[in-house]
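Nothing in this text is a laboratory measurement; each read-out follows from the coordinates by a stated rule. Keep in mind that what you see is a predicted model, and the values were worked out from it rather than measured. Here the Cβ is made from the backbone with ideal geometry for all residues, glycine too, and neighbour counts use every protein chain on show.
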Ligand code: AMP
Ligand code: MG
C-alpha cells in the first residue's frame, strides 16, 4: 500500500495548472494573478491634505502659539474632489478638507484643532493659527502609494482583499487570473437519498455531495453536483458522462473492499486506474485514476478522477489531503500544504495496523503551548466529530502508541478565526 506522500505525488503528477482568463476583480478573491500589473497612473494623483484644516505656507506659522495666534486671511475653501482656483500667497490660508488637493503656493496644512476656528463662525474671513508647522506637515505626497509606470502586483500573487482594492485604485475592473477548476461530484450508493426527498426506511441522506462541494468551494473551485449513482455499472456510467467536461471528477463511496469492483471496472473501461488504497486511517480505500474526457477539436484529454472513501469523515479527510492540493495546483498556487503545528496530546492513542492516523482533534493554546484532545468517538461515519474539530492529530505509521503528554503534529483545518479556540 502506498504512503500519503506517494499518493499525493502521483496525483499532483497528473494535474496541471489551468489557463488564465480575464475576470472581474471581485470574482478573483483567492485566485492567482496571471499578469504583471503596471500602473498607468500616479496614486494619489496630486499632493493632498491628510487632515481637515487650513492650507498655509509653513513660514507664515513662525512664532504661532496658543497665546500668540498668527492671523491669516481665508481666501477659499477646497473640498475633496475639487481643485482651488486660487494661489496661496503670504498671509493667506485656504480652508481644506481631507483628501482635497493642496492649493498652489501652499506647502503644509494646519489641522482645525490647531486653529481658533471653533471660537469663530465657520464663514470667518480670518483664521488664527495656534502652532508652528514644518513644510510638508499633514500633506500626503502625490505618488506616495503608487508611481506611474511601476510594477504594482506581480504575476503569481494570490489575490486577497487588499489586492482587489489596489487594482480598483488603478481603475482596473478586470484582471487576468488562472481560472477556477470545475470539479464534478458524484455520490454513489443504493442507500443514498437526495436531501430534498423524504427518507424511506433503510436509506440515508447523501451528505458527502455537500461536504465535498463545500470543500471545493472553500478552496476556490467550482463544484458541479452530478447527483447520486446507484451501485451498478450502467448507473455509474450514465452519471459519470455528465461530468466529463469538468477539470476534475470526484466520486464518493464504492471504493471499499467488497464494493470497488463496479467503480474499478468502469474506470478501467473509461480510462486508467493509477492507484487504489493509501496507508492512512480513515480514508484507506482512496482510488485515483485518469478518465477519458469528451473530445474537443479532435483532442481527447483525460481528467483526473479521485474516488474518495464513502464514509462521511473519510471522504472529507481524503479531500483535505489529496483533492485540496490538486485544486490549488490547478489554480496556480505554490503553497499546497495546510499548516502543521506541534501540540501536547492530552490523551493516549493506539495505532494498531501501521497506517497513518488522522484523528479529529480540538486544539487550544494555553501559555504559548498548543494542546490537542480528541473530539470523542473516532468512527469514520461520525460526521459531527469533523464539525467539532479544528485540526487532525497525525500519528505516524510506525508509532504503535502515543502517551498523554507526548508531542504530536496536528494538521490545522481551521485557524483561530473560525473556531475561536487557538
Ligand atoms: P462505501 O465506501 O460505498 O461502502 O460507503 C461507506 C459508508 O459510507 C457506508 O456506510 C455508506 O452508506 C456511507 N456513505 C457512502 N456515500 C455516502 C454519502 N454520499 N453520504 C453519506 N454517507 C455515505
Ligand atoms: Mg457504497
Relative to the compact-globule scaling 2.2 N^0.38 Å, provide the ratio for the alpha-carbon radius of gyration of the chain. 1.43
For the chain, longest principal axis from Cα atoms; helix 4-13 axis from its Cα atoms; angle between them, nearest 10 degrees, is 70
Relative contact order in percent for the stretch 100-229 (Cα pairs under 8 Å, 6+ apart) equals 20
Mean separation of Cα pairs under 8 Å and 6+ residues apart, divided by the residue count of the chain: what relative contact order is that in percent? 15
Among beta bridges that DSSP assigns inside the stretch 39-148, antiparallel share in %, nearest 5: 75
For the chain, longest principal axis from Cα atoms; helix 260-270 axis from its Cα atoms; angle between them, nearest 10 degrees, is 70
Would you mind telling me which residue in 63, 307, 376 has the biggest mean-square fluctuation in a Gaussian network model of the chain, where springs connect alpha carbons within a distance under 10 angstrom? 63
Using the beta-carbon distance between residue 371 and residue 17 and R0 = 60 Å, what value does 1/(1 + (r/R0)^6) give for FRET efficiency, to the nearest 0.05? 0.95
Helix 208-218 against the longest principal axis of the chain: what's the angle in degrees, Cα atoms only, rounded to the nearest 10? 30
Taking springs between alpha-carbon atoms closer than 10 angstrom, which of 203, 239, 62 fluctuates most in the Gaussian network model of the chain? 62
Out of 77, 188, 123, a Gaussian network model of the chain with alpha-carbon springs under 10 Å gives the largest mean-square fluctuation to 123
Restricting to Cα pairs under 8 Å and 6 or more apart, the percent relative contact order of the stretch 263-413 works out to 22
Suppose each label sits 7 Å from its Cα in the direction of the beta carbon; what would the residue 89-residue 401 distance come out to in nanometres? 9.5
Given a Förster distance of 30 Å, the FRET efficiency implied by the Cβ-Cβ spacing of residue 204 and residue 168, rounded to the nearest 0.05, works out to 0.05
Stretch gain in nm, segment residue 121-residue 141, where the contour uses 0.36 nm per residue and the Cα spacing is subtracted: 4.1 nm
Per-pair calculated FRET efficiency, R0 = 25 Å: residue 134 and residue 79 via Cβ, rounded to 0.05: 0.50
For labels at residue 27 and residue 335 in the simple 7 Å Cα→Cβ model, what's the distance in nm? 2.7
Of all DSSP beta bridges with both partners in the chain, the antiparallel percent, nearest 5, is 70
Roughly what would the spin-label model give for residue 98 and residue 234, points 7 Å off Cα along C-beta, in nm? 7.1
